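Undergrad: Below are the structure tokens for one structure; questions will follow.
The values are calculated or read from the model by the stated rules, or taken from the named source; none is laboratory data. The model shown is predicted, which means the values in this text are computed figures rather than measured ones. Glycine gets a Cβ as well: all are built from the backbone with ideal geometry, and neighbour counts include every protein chain shown. For the accessible areas, the whole protein counts, side chains as well, though only heavy atoms, and no ligand, DNA or RNA atoms are used. Shrake-Rupley method; radii C 1.70, N 1.55, O 1.52, S 1.80 Å.
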Amino acid sequence: MDIIKSERLFEKAKKLIPGGVNSPVRAFKSVGGTPVFMEKGNGSKLTDVDGNEYIDYIGSWGPHLFGHNPAFIKNALLNQIEKGVSFGAPTEIEIKMAEIITELVPSVEMVRMVNSGTEATMSAVRTARGFTGKEKFIKFEGCYHGHADYFLIKAGSGALTLGVPTSPGVTKGNASDTLLADYNNIESVIKLIEANKGEIAAIIVEPVAGNMGVIKAEEEFLKELRSLCNKEEIVLIFDEVMSGFRVARGGAQELFGVQPDLTTFGKIIGGGLPVGAFGGKKEIMEKVSPSGDVYQAGTLSGNPLAMAAGYAALNEIKNNPDVYNKLEEKASFLEKGFRENLKNIGKNFALNRVGSMMALFFTEEKVTDFKSTVKSDTAIYGKYFHEMLQRGIYLAPAQFEAMFVSTAHTREDLEKTIEAQAEVFEYVLG
Ligand code: KE4
């Protein structure tokens with residue numbers, strides 16, 4: 001496959017942009033080689049600048065539940081562009097967004113729009129601290145909540161993939177209020193609560209972890225987190241930036257039947273444009289300025305153009321609840337094909353799937369937390385990734401990420417992916 005233009009562009013990009021990319025994971029550092037520069041996306045396909053076409057399982061890292069450029073999002077954008085893209089004043093569509101989010105996610109009584117998942121999680125933790133008057137918070141090893149300083153303490157995703165468990169530039173002062181627990185291990189949470197009695201404002205968790213590969217929280221674990229937070233007056237925050245509107249219409253909280261106090265959103269709610277949100281109990285959210293004294297702001301928060309795309313996506317979800325059955329059928333077909341392939345090469349690699357989020361780990365141990373996920377053989381993953389790319393299958397360029405199936409993936413796409421994987425397994429593992 002010829003990627004000469006991508007190679008040239010990457011050399012040029014590296015002179016002007018750190019690492020040649022605007023987000024680390026795109027640089028292919030953990031799998032090696034040159035990142036392919038994309039020219040266009042349509043449905044389940046991406047086409048790179050050299051004209052190579054791929055079946056895309058990144059979907060812009062989650063936003064494209066309906067594939068690239070569905071007509072209903074494109075038309076909503078064109079319509080809004082005619083009226084103007086940004087006013088810095090309140091608009092009706094922001095109310096419509098708040099209405100549809102609060103309707104689809106019952107635990108959310110009030111919501112504030114922001115511009116990224118990082119802004120959402122950062123603001124949610126600050127709000128929890130302002131509401132409780134307490135300063136510490138618990139996160140889980142391997143979970144990634146964006147790049148606010150106090151999250152980059154053994155974060156998952158980029159930081160984990162780049163093998164940098166903590167980031168230079170994060171001050172000791174900042175890190176000192178972040179407590180680390182083990183995912184799916186309630187004992188590790190109880191220990192931290194006992195050791196920091198009355199000082200913990202919040203616990204933030206990905207109810208479906210998508211940044212150390214895909215790992216579903218155990219239902220019991222989430223239920224116990226919920227009761228601990230009730231008892232200790234700790235704000236429970238579900239980071240649903242990735243799982244929100246992805247694993248179910250009401251997100252992971254609907255799947256598990258556990259309601260958090262605050263939820264953070266991103267990705268799908270922007271329909272591919274930069275949107276994040278945080279919301280939850282009215283009594284907590286009213287603390288957010290200007291109704292309350294927890295300061296939070298953003299020049300382009302609730303931007304009408306981004307709202308138009310996000311609202312079109314959520315409206316499509318609201319009017320087509322069978323979207324999730326369709327996604328389940330496609331993703332389970334793909335999983336079945338992958339398991340067949342694994343059986344045929346006699347490997348019992350871990351394969352975790354939650355709805356249309358899936359991850360294959362090159363370890364034969366079950367993957368249930370950070371310690372088990374890092375046992376994956378990232379060198380084999382790198383070979384697997386490139387061989388699949390050569391065959392026109394575009395997976396996450398890092399072991400500790402998720403792959404996403406969209407409604408745009410056809411049966412033919414899925415069959416082609418399964419066949420390609422069978423060939424690659426022979427070639428890489430045979
Ligand atoms: P952003 O600031 O990147 O919009 O969102 C941060 C974030 C917060 N919470 C969760 C659960 C997330 O998955 C993310 C971002 N996800 C990564 C994918 N592993 C974004 C990809 C990237 O960093 O380029």
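Undergrad: Residues to consider are Ile268, Ile284; find the one that is open to solvent by less than 30 Å² (accessible area, probe 1.4 Å), touching a Gly at 6+ places or on another chain (Cβ under 7 Å), touching a residue at least 12 places away in the same chain (Cβ under 8 Å) and part of a helix (DSSP H, G or I).
TA: Ile268
Undergrad: Of (1) free of Cβ contacts under 8 Å to residues at least 60 places away in the same chain; (2) surrounded by fewer than 24 Cβ atoms within 10 Å (Cβ to Cβ), Phe238 satisfies all except one. Which?
TA: (2)
Undergrad: Looking at the structure I just gave you, is Gly250 crowded, with 24+ Cβ neighbours inside 10 Å and either more than 12 Å from the chain's Cα centre (by Cα) or within 14 Å of the ligand (Cβ to nearest atom) (or both)?
TA: Spelling it out, it is not the case that Gly250 is crowded, with 24+ Cβ neighbours inside 10 Å and either more than 12 Å from the chain's Cα centre (by Cα) or within 14 Å of the ligand (Cβ to nearest atom) (or both).
Undergrad: Look at Val405 and say whether it is of a type in the set (Val, Ile, Thr) and open to solvent by 40 Å² or more (accessible area, probe 1.4 Å).
TA: No, not satisfied.
Undergrad: Can Leu9 be described as assigned by TED's automatic domain parsing to the domain that holds Ala209 and more than 21 Å from Ala402 (Cα to Cα)?
TA: Taking the combined requirement at face value, the residue does not satisfy it.
Undergrad: Would you confirm, using the coordinates I've provided, whether Gly310 is surrounded by 21 or more Cβ atoms within 10 Å (Cβ to Cβ), in a loop (DSSP other than H, G, I, E, B) and modelled with pLDDT of 95 or more?
TA: When the stated conditions are applied, Gly310 does not pass them.
Undergrad: Here is a follow-up. Within the range 2-26, work out how many residues are more than 28 Å from Leu327 (Cα to Cα), touching a residue at least 40 places away in the same chain (Cβ under 8 Å) and in contact with a Gly (Cβ under 7 Å, 6 or more places away or on another chain).
TA: Of the residues in that region, 1 qualify.
Undergrad: For a quick check of your reading of the model, give me the residue pairs whose first member lies in the range 181-210 and is more than 15 Å from Lys134 (Cβ to Cβ) and part of a strand (DSSP E or B), whose second is open to solvent by 10 Å² or more (accessible area, probe 1.4 Å) and among the hydroxyl-bearing types (Ser, Thr, Tyr), with beta-carbon atoms closer than 9 Å and at least 6 apart or on different chains.
TA: Ala181/Ser188; Ala209/Tyr144
Undergrad: For the range 2-52, give me the residue count where each residue is more than 14 Å from the ligand (Cβ to nearest atom), of a type in the set (Ser, Thr, Tyr) and within 20 Å of the chain's Cα centre (by Cα).
TA: Of the residues in the range 2-52, 1 are more than 14 Å from the ligand (Cβ to nearest atom), of a type in the set (Ser, Thr, Tyr) and within 20 Å of the chain's Cα centre (by Cα).
Undergrad: Picking from Met113, Met122, which residue would you name as being open to solvent by less than 40 Å² (accessible area, probe 1.4 Å), in the same structural domain as Gly292 (by TED's automatic domain parsing) and either within 16 Å of the ligand (Cβ to nearest atom) or at negative phi (or both)?
TA: Met113
Undergrad: If you don't mind, another one. On the basis of being open to solvent by 50 Å² or more (accessible area, probe 1.4 Å) and basic (Lys, Arg), does Lys326 make the cut?
TA: yes
Undergrad: When you look at Ala396, is it within 16 Å of the ligand (Cβ to nearest atom) and part of a loop (DSSP other than H, G, I, E, B), yes or no?
TA: Spelling it out, Ala396 is indeed within 16 Å of the ligand (Cβ to nearest atom) and part of a loop (DSSP other than H, G, I, E, B).
Undergrad: Continuing with the same structure: What are the pairs, 6+ residues apart or on separate chains, where a residue within the range 126-152 that is touching a residue at least 12 places away in the same chain (Cβ under 8 Å) has its Cβ under 6 Å from a residue that is in a loop (DSSP other than H, G, I, E, B) and within 12 Å of the ligand (Cβ to nearest atom)?
TA: Going by the 6 Å Cβ cut-off, the qualifying pairs are Gly142/Gly156; Gly142/Met212; Cys143/Gly156; Cys143/Glu206; Tyr144/Ala155; Tyr144/Gly156; Tyr144/Asn211; Phe151/His145.
Undergrad: Anything in the range 212-222 that is surrounded by 15 or more Cβ atoms within 10 Å (Cβ to Cβ) and farther than 29 Å from Gly270 by Cβ? List them, or say none.
TA: Of everything in the range 212-222, those that are surrounded by 15 or more Cβ atoms within 10 Å (Cβ to Cβ) and farther than 29 Å from Gly270 by Cβ turn out to be Glu218, Phe221.
Undergrad: Checking the conditions here, which among Glu412, Glu419, Glu423, Glu335 is open to solvent by less than 40 Å² (accessible area, probe 1.4 Å), without any contact (Cβ under 8 Å) to a residue 60 or more places away in the chain, more than 30 Å from Ser188 (Cα to Cα) and part of a helix (DSSP H, G or I)?
TA: Glu335
Undergrad: Failed condition for Ile58, given (1) of a type in the set (A, V, I, L, M, F, W, C); (2) in contact (Cβ under 8 Å) with a residue 24 or more places away in the chain; (3) surrounded by fewer than 18 Cβ atoms within 10 Å (Cβ to Cβ); (4) within 14 Å of the ligand (Cβ to nearest atom), with all others met?
TA: Among (1) of a type in the set (A, V, I, L, M, F, W, C); (2) in contact (Cβ under 8 Å) with a residue 24 or more places away in the chain; (3) surrounded by fewer than 18 Cβ atoms within 10 Å (Cβ to Cβ); (4) within 14 Å of the ligand (Cβ to nearest atom), Ile58 violates only (3).
Undergrad: Just checking, does the range 65-78 include any residue being of a type outside the set (Gly, Ala, Ser), open to solvent by 10 Å² or more (accessible area, probe 1.4 Å) and over 14 Å from Ala313 (Cβ atoms)?
TA: Within the range 65-78 (the criterion being of a type outside the set (Gly, Ala, Ser), open to solvent by 10 Å² or more (accessible area, probe 1.4 Å) and over 14 Å from Ala313 (Cβ atoms)), the answer is yes, since at least one residue qualifies.
Undergrad: Same structure, new question: Take the conditions modelled with pLDDT of 95 or more, closer than 24 Å to Val374 by Cβ and away from the ligand (no atom under 16 Å from the Cβ) and apply them to Glu218. Does it pass?
TA: Spelling it out, Glu218 is indeed modelled with pLDDT of 95 or more, closer than 24 Å to Val374 by Cβ and away from the ligand (no atom under 16 Å from the Cβ).
Rundown of residues vs (1) aliphatic (A, V, I, L, M); (2) in contact with a His (Cβ under 9 Å, 6 or more places away or on another chain); (3) without any contact (Cβ under 8 Å) to a residue 24 or more places away in the chain; (4) surrounded by fewer than 24 Cβ atoms within 10 Å (Cβ to Cβ), yes/no style:
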site: Glu232; (1), (2), (3), (4): no, no, no, yes
site: Met242; (1), (2), (3), (4): yes, no, no, no
site: Gly280; (1), (2), (3), (4): no, no, no, no
site: Thr299; (1), (2), (3), (4): no, no, no, yes
